[in-house]
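To keep things clear, I will list the structure first and then write my remarks on it.
The values are calculated or read from the model by the stated rules, or taken from the named source; none is laboratory data. Predicted model only: the values in this text are computed from it and were never measured. Cβ sites come from the backbone with ideal geometry, for glycine too, and all protein chains shown count toward neighbours.
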Amino acid sequence: MIKELIKEHQTPFYCYDNTIINEKVSFLNSLNLEFKHNFYFAIKANPNLAIINLLKQKGLGAVVVSSGELYKALRSGIKPSEIMLNGSSKNDFDIKYAITQKIRSINIENIDELNLINDYSKEKGLVTDIGIRINPGIDPNTLSKISTGKSGDKFGIQIDQINFDDIQKLENTKLKTLSVHIGSQIVDYKKFIESYKSIINLADELNQKGFKIQYLDFGGGFPVLDQKSKGLDFDLWLLELNLILKNKQYDIIFEPGRFLVANSGFLVSRVNYIKQSGSKKIILLDSSMSEYIRSTLYGIEPIVELLHANNNEEKFEYDIAGGVCESSDFFIRDALLPKIIKNDFLVFKNVGAYGSSMSSTYNSRPRPLEILFNKNEHRVIRSRDTLEDLCKNEIM
Ligand SMILES: Cc1ncc(COP(=O)(O)O)c(C=O)c1O
């Protein structure tokens, strides 16, 4: 299919395989979870309306982190009652918009959010369901830059910082959810379980005191294999999970992002130039850190393949760089690939999550085209920015 797309569309572009997304949803639905549960897609992983809508049609809700994501979730057809808002530093507008849309839960990450939620709900004659994202102080053993539940991290609130009696007194705010998300790409199932237990125990305690906690939001974080990682043992995870929730009546919400969409995505790029610099052979692509920033930001190298390559070919060492004026604009150093010539195409794999969603127009580069394909069919789900788009909203 990618070869067909290249004939029709100019690179660079992202393309997503619908079949792979379907398989991921089927996998999650096939897990033998012995308690009430729902999956909410973490939109930040890929906020394209077509992708959100596709997951909506498969029965998923959404977890959003801004008013923009909330708008996109609603626009994609997800019901407000199936949307939760998180966010470590929500703007007033994010909170007010979420209140008026009557979403399932606004999960606070700062005690100060309570005043605004309660006052604005009162002004609008509403009672707003909220959650608290707990920081359980757990190191998830993942990359430090994608860890979110350790002491010292900016996410969530430590339990000892919360005055639950004050929350109980609020008339226009009802605490119904506890939430935890300790990071991404977590392969140690025990870390997940430890984090889930922290909010199960707290919910049990609070409900004994008269609260009505109904929803436990266990976050996302399921890993996606790359060259080095060994994955999560879902069987062991499931066994423990069913045990800790035995005889509990909570509705559990999982918020996978990366797991649902990462493997479906490819970034297709053309080789503009090949340059010898000292001992290095550098491939310069028509994409860059503006289209895919994760290598530069986190030092995580995507899997790359040369299109039209034959597996038995002799391999050579290349550094693969982008076209932006930044020395750090490299996708991969010392990649082993068959001989590459100008106008060859490179395909980065498993970039369906946090790829396009983290792209920018830095160096005034148009954000790339996005295509969704299903077996032999495909459709454009985001057109490339035009040059005029790059000037939109600017006033001379
Ligand atoms: C609160 C919350 N839920 C879910 C996710 C999705 O995580 P992942 O893509 O690793 O599944 C994130 C990601 O940062 C998050 O902050």
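Applying a threshold of 9 Å to beta carbon distances and a minimum spacing of six or more residues, or different chains, the list of pairs starting in the range 34-51 at a residue that is under 27 Å from Cys15 (Cα atoms) and ending at one that is acidic (Asp, Glu) and not in a strand (DSSP E or B) reads Phe39/Glu255; Tyr40/Glu82; Tyr40/Glu255; Phe41/Glu255; Ala42/Glu255; Ile43/Glu69; Lys44/Glu69; Pro47/Glu69.
This table checks each residue for (1) touching an Asp or Glu at 6+ places or on another chain (Cβ under 7 Å); (2) assigned to a loop (DSSP other than H, G, I, E, B); (3) closer than 19 Å to Arg382 by Cβ; (4) within 16 Å of the ligand (Cβ to nearest atom).
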{"site": "Leu297", "(1), (2), (3), (4)": "no, no, no, yes"}
{"site": "Asn311", "(1), (2), (3), (4)": "no, yes, no, no"}
{"site": "Ile320", "(1), (2), (3), (4)": "no, no, no, no"}
{"site": "Glu326", "(1), (2), (3), (4)": "no, yes, no, no"}
{"site": "Arg333", "(1), (2), (3), (4)": "yes, no, no, no"}
{"site": "Lys342", "(1), (2), (3), (4)": "no, yes, no, no"}
{"site": "Phe348", "(1), (2), (3), (4)": "no, no, yes, no"}
{"site": "Asn363", "(1), (2), (3), (4)": "no, yes, no, no"}
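Remark: pairs (first residue in the range 86-108, acidic (Asp, Glu); second residue not in a helix (DSSP H, G or I); Cβ separation under 6 Å; 6+ apart in sequence or on different chains) = Asp94/Ser66.
Does at least one position in the range 209-216 carry a residue that is under 23 Å from the mean Cα position of the chain (by Cα) and either on the phi > 0 side of the Ramachandran plot or modelled with pLDDT under 95 (or both)? Steps first, please.
So in the range 209-216, the residues under 23 Å from the mean Cα position of the chain (by Cα) come out as 215-216.
Now restrict to residues that are either on the phi > 0 side of the Ramachandran plot or modelled with pLDDT under 95 (or both): none.
No, every residue in the range 209-216 fails to be under 23 Å from the mean Cα position of the chain (by Cα) and either on the phi > 0 side of the Ramachandran plot or modelled with pLDDT under 95 (or both).
For the range 350-361, how many residues meet the condition of being within 16 Å of the ligand (Cβ to nearest atom) and buried (at least 19 other Cβ atoms within 10 Å of the Cβ)? Steps first, answer last, please.
To start, the set of residues in the range 350-361 that are within 16 Å of the ligand (Cβ to nearest atom) comprises 350-358.
Checking which are buried (at least 19 other Cβ atoms within 10 Å of the Cβ) leaves us with 350-356.
Residues in the range 350-361 being within 16 Å of the ligand (Cβ to nearest atom) and buried (at least 19 other Cβ atoms within 10 Å of the Cβ): 7 in total.
In the range 222-262, the qualifying residues are those that are of a type in the set (S, T, N, Q) and within 25 Å of Gly59 (Cβ to Cβ), and the one that is farthest from the ligand (Cβ to nearest atom) is Gln249. Can you spot a residue in the range 81-98 that is assigned by TED's automatic domain parsing to the domain that holds Asp233, surrounded by fewer than 24 Cβ atoms within 10 Å (Cβ to Cβ), within 16 Å of the chain's Cα centre (by Cα) and among the hydroxyl-bearing types (Ser, Thr, Tyr)? For the range 81-98, residues assigned by TED's automatic domain parsing to the domain that holds Asp233, surrounded by fewer than 24 Cβ atoms within 10 Å (Cβ to Cβ), within 16 Å of the chain's Cα centre (by Cα) and among the hydroxyl-bearing types (Ser, Thr, Tyr): present.
Would you point out which residue out of Gly77, Gly68 is free of Cβ contacts under 8 Å to residues at least 24 places away in the same chain, out of contact with any strand residue (DSSP E or B) (no Cβ under 8 Å at 6 or more places or on another chain) and not basic (Lys, Arg)?
Working: Gly77 fails: free of Cβ contacts under 8 Å to residues at least 24 places away in the same chain.
Within the list Gly77, Gly68, the selection yields Gly68.
The one condition from (1) part of a helix (DSSP H, G or I); (2) surrounded by fewer than 19 Cβ atoms within 10 Å (Cβ to Cβ) that Leu241 does not meet is (2). List every residue pair whose Cβ atoms sit under 6 Å apart, with the two residues 6 or more apart in sequence or on different chains, where the first one lies in the range 157-179 and is touching a residue at least 12 places away in the same chain (Cβ under 8 Å) and the second, anywhere, is hydroxyl-bearing (Ser, Thr, Tyr) and part of a helix (DSSP H, G or I). So the pair list comes out as Asn172/Ser121.
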